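**Q** Below you will find the structure I want to go over with you.
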Amino acid sequence: MKEARTIAHLIAEADFSRTSLEKAISAQDPTKEEVEGVCGHWSLKDIMAHTTAWEHRMMEWLDQILLDRTGVEFLEAELAGDAVDEYNNQVYHLHHNMDAKTIKTAFLENHQRVLDYIARLPEEPLFRAPEVVFEEGHPLWHLVAANTFWHYDEHLAQIEKQPWYQKPKK
């Protein structure tokens with residue numbers, strides 16, 4: 001599992017993994033964007049909508065934690081039990097019937113927005129504040145990693161396993 005020690009490292013990891021995911025998706029025949037079965041019943045289009053939604057959710061959560069100073073306790077309810085699966089299902093049903101081009105445009109446009117957002121985050125609470133922790137006592141930067149580079153790598157691996165997968169040209 002990739003680690004991060006600074007904001008710059010978070011940005012580098014998120015940028016590298018997201019760019020790898022974008023290249024993998026863009027290298028595929030556009031007719032494959034809506035073929036189900038990449039991740040459960042999800043298609044490439046569904047994965048793009050899904051990762052974009054989680055990026056937005058991460059930014060909302062971090063705003064709430066760092067700007068509104070609400071603490072991280074609310075995350076327990078957001079991530080408990082079936083809450084993640086329920087959110088994933090909501091995102092799927094909201095975006096599944098949307099045009100693939102619209103989903104892909106939003107996915108591609110959000111990349112720089114996420115990197116810019118991470119660049120504005122304060123380093124202290126993410127890496128060194130023991131009172132600000134994410135799931136199971138992990139530092140708050142894990143929230144960023146779980147919704148960026150760890151997440152992108154998870155879905156990239158699923159895409160690469162598809163029988164129709166075409167490796168991106170270098």
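**Q** Between beta-carbons, use under 9 Å as the cut-off and find the net charge around ILE103, counting Lys and Arg +1, Asp and Glu -1. It would help to have the intermediate numbers written out before the result.
**A** Numbers: positive: LYS45, LYS101, LYS104; negative: GLU33, ASP46, ASP99.
Taking every Cβ under 9 Å from that of ILE103, the sum is 0.
**Q** Could you work out [θ]222 nm for the chain from helices alone, using -39500 (n - 2.57) per DSSP H run of at least four and dividing by all its residues? Round to the nearest 500 deg cm²/dmol.
**A** Numbers: 8 runs with 102 residues, N = 170.
-19000 deg cm²/dmol, from helical runs alone.
**Q** Rounded to the nearest whole Å², what accessible area per residue is found for the chain with the 1.4 Å probe?
**A** Details: 9120 Å² over 170 residues.
Counting only protein heavy atoms, the per-residue value for the chain is 54 Å².
**Q** Ok, one more. Show the residues, 5+ positions off or on another chain, whose built amide H is closer than 5 Å to the amide H of PHE134.
**A** So PHE134 has HN proximity to LEU140.
**Q** Moving to a separate point now. Put a dot 7 Å past each Cα toward the Cβ at ALA12 and GLU109; how far apart are the dots in nm?
**A** 3.1 nm
**Q** Between TYR165 and GLU36, how many nm apart are label points set 7 Å from Cα along the C-beta direction?
**A** 2.2 nm
**Q** Tally up the carbon and sulfur contribution to the accessible surface of region 25-170 as a whole percent, 1.4 Å probe, everything protein left in place.
**A** Working: 3950 of 7890 Å².
Ligands and nucleic acids excluded, carbon and sulfur give 50 percent.
**Q** Across region 30-37, in residue order, what do the Karplus-derived ³J(HN,Hα) couplings come to in whole Hz, using 6.51 cos²θ - 1.76 cosθ + 1.60 with θ = phi - 60° and x for Gly and Pro?
**A** My calculation for region 30-37 gives x, 5, 8, 4, 10, 6, 6, x Hz in order.
**Q** Continuing with this model, one more query. Sequence-distant or interchain residues sharing an amide H contact under 5 Å with TRP42, placed H: which?
**A** GLY37
**Q** Moving on. Just checking my list [x] -0.20, -0.32, -0.65, -1.29; [y] -0.25, -0.38, -0.75, -1.28; [z] -0.29, -0.44, -0.79, -1.25 against log10 I(q)/I(0) by the Debye sum over Cα atoms at q = 0.08, 0.10, 0.14, 0.19 Å⁻¹ computed from this structure; which label fits?
**A** [y]
**Q** With everything on Cα atoms, drop me the angle between helix 7-26 and the longest principal axis of the chain, reported from 0 to 90° to the nearest 10.
**A** Between the helix axis and the principal axis of the chain, the angle is about 10 degrees.
**Q** Let me ask you something else. Which trypsin sites (Lys or Arg not before Pro) from region 44-90 combine a DSSP loop assignment with at most 13 other Cβ atoms within 10 Å?
**A** Details: sites: LYS45, ARG57, ARG69; in loops: ARG69.
The qualifying sites are ARG69.
The values are calculated or read from the model by the stated rules, or taken from the named source; none is laboratory data. These figures come from a predicted structure and were not determined experimentally. Cβ atoms come from the backbone with ideal geometry, glycine included; neighbour counts cover every protein chain shown. These area figures cover heavy atoms from the full protein model, side chains too; ligands, DNA and RNA do not enter into them. Shrake-Rupley method; radii C 1.70, N 1.55, O 1.52, S 1.80 Å.
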